[in-house]
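Reviewing the structure listed below.
The values are calculated or read from the model by the stated rules, or taken from the named source; none is laboratory data. All values derive from a computational prediction rather than experimental measurement. In this analysis, Cβ positions are derived from the backbone assuming ideal geometry, glycine residues included, and neighbour counts consider all displayed protein chains. To get the accessible areas, we keep the full protein, side chains included, count just its heavy atoms, and leave off ligands, DNA and RNA. Shrake-Rupley method; radii C 1.70, N 1.55, O 1.52, S 1.80 Å.
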Amino acid sequence: MLFSEDAVRSAIKNKELQAFYQPQYDAVTAKIKSAEALVRWIQKDGTVIPPSAFIPQAEETDFIREIDWYIAEEVCQMLRKQKADKQIPVSVNFSRRHINEIRFAEKLSELVDSYDLPHSLIEVEITESAMVNEPEKILDWINTVRDAGFSVAIDDFGSGLSSLQFVKDMPADVLKIDKSLLSHNCENEKERVVLESIFYFAHRLHMTTIAEGVETKEQLAFLRTCDCGKIQGYIFARPMPEADYLRLCRHHMRADEPADILEIQTPASASALLMRVVFKRYPLVIFSNLNRNSFYMMAYQDFSATGCPSTGVFDELITHGASSMHPEDQEIFAATFDRHNLLKAYADGKSEVRLVTRQLGDDGCYRRVETTDYFVKSASSEDILVITLCENLPEE
Ligand code: C2E
Ligand code: MG
Ligand code: MG
């Protein structure tokens, strides 16, 4: 059954529209990190009308804006019921029709300020399909919303004619991966490749990721291998009335885990942990491909290489590295880590190349640094890869 605008208007007047809340969980720790507000129409007899029965019609006119503002206000009221140190962010769906709304960001600021809430508690969700038309306009709109201190999520990514092209240009904070990409328990190889690529793309653009509609532990296990940030789905919790949500936040911030999954078993979290340990000893780690003359650098704090791009041409990396050495060390550094010299060392059967030099730190002081290149033969090609570990040595 579809409902007329008048019917929904009187539902608003009678306070029959409510925000339900669906928690969003940290993919690794299964703790509640945030929630999404989803409108429900609770009729007098208790019948719950889902958004699909009235949102699409409301979206045909600007009436949808009134519904969205009503829900945004409900969210502010709910947040005021939480203790200030226990408030967690809530995302609110805003129809694409708000893109033409004059002073949208100011209006949202005024609303949130009137409840004396930090802007960081509200996330604005806008669907991916809204990006396709008038991308310039939406880019400006996202910028003003973010400038006002709200984070922005792109909703339903992958549900329609997704374009990485549009998303790459959008300054959004969060990418919500649509449930339609998660069918078949993620056992299909091609589907896995698509999902892995989307997560890789989002993370390289420094976007947080949320998978929507996660229902099975197989999906959860796979999403964890993709380093997915947050999980929103029936596996952990369904959308629930405000009172239930507030209770859940007070007493049960952590979801019950499907018993057979341990945090450390996921490759992404295991390698993140391993990197933390590696960084403790080696503040600079670089992956290079000698044959392709390329590198990928994982720079760490206070190291001269932080002025260098994080990916690029290996030969230029060595030139850059040498320029930050003590003048007496530059020649030996450039000669030792010359790409052809390294390839020759590998061909001669060496497993590593090591050198100690004096290197300029970000603080302007020289320090003794041991650089070690470990050779690794690529598993998938004839290329010779190098992992470079740099360690600060104590003063002599
Ligand atoms: P959405 O914003 O993508 O919200 C996620 C939808 O996925 C919600 O449906 C949620 O209940 C559902 N979902 C979450 N986990 C699972 C799962 O594990 N399995 C399945 N099958 N579904 C799951 P819901 O609440 O029916 O909302 C549908 C859509 O209606 C929303 O999709 C959003 O586009 C729209 N909507 C809801 N509330 C509002 C609102 O206040 N304003 C606007 N403009 N649109 C809204
Ligand atoms: Mg949404
Ligand atoms: Mg969605």
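Brief remarks follow.
- Some residue of region 91-100 being more than 15 Å from ligand 2 (Cβ to nearest atom), assigned by TED's automatic domain parsing to the domain that holds F63 and of a type in the set (A, V, I, L, M): yes
- Scanning region 383-396 for residues that are within 34 Å of the chain's Cα centre (by Cα) and open to solvent by 40 Å² or more (accessible area, probe 1.4 Å) returns L385, I387, N392.
- Cβ separations smaller than 7 Å between residues 6+ apart or across chains give the following pairs from region 214-238 residues that are assigned to a strand (DSSP E or B) to residues that are open to solvent by 10 Å² or more (accessible area, probe 1.4 Å) and within 16 Å of ligand 2 (Cβ to nearest atom): K230/K33; Q232/Q22; Q232/E212.
- V92 being outside any helix (DSSP H, G or I), farther than 26 Å from R204 by Cβ, within 16 Å of ligand 3 (Cβ to nearest atom) and in contact (Cβ under 8 Å) with a residue 24 or more places away in the chain: yes
- Failed item, numbered, when G233 is tested on (1) farther than 29 Å from W141 by Cβ; (2) within 16 Å of ligand 1 (Cβ to nearest atom): (1)
- Residue within region 165-182 that is within 16 Å of ligand 1 (Cβ to nearest atom), among the hydroxyl-bearing types (S, T, Y) and farther than 18 Å from D26 by Cα present: yes
- Pairing each residue of region 175-186 that is outside the structural domain of A153 (by TED's automatic domain parsing) with any residue that is open to solvent by less than 60 Å² (accessible area, probe 1.4 Å) and away from ligand 1 (no atom under 12 Å from the Cβ), provided the two are 6+ apart or on different chains, yields no C-beta distance under 8 Å.
- Single unsatisfied condition, S34 versus (1) over 21 Å from L175 (Cβ atoms); (2) out of contact with any Phe, Trp or Tyr (no Cβ under 7 Å at 6 or more places or on another chain); (3) not in a loop (DSSP other than H, G, I, E, B): (1)
- Being farther than 19 Å from D315 by Cβ and touching a Cys at 6+ places or on another chain (Cβ under 7 Å) is a property that V356 lacks.
- When residues of region 135-169 are limited to those that are at pLDDT below 90 and within 16 Å of ligand 3 (Cβ to nearest atom), the one surrounded by the fewest Cβ atoms within 10 Å (Cβ to Cβ): L161
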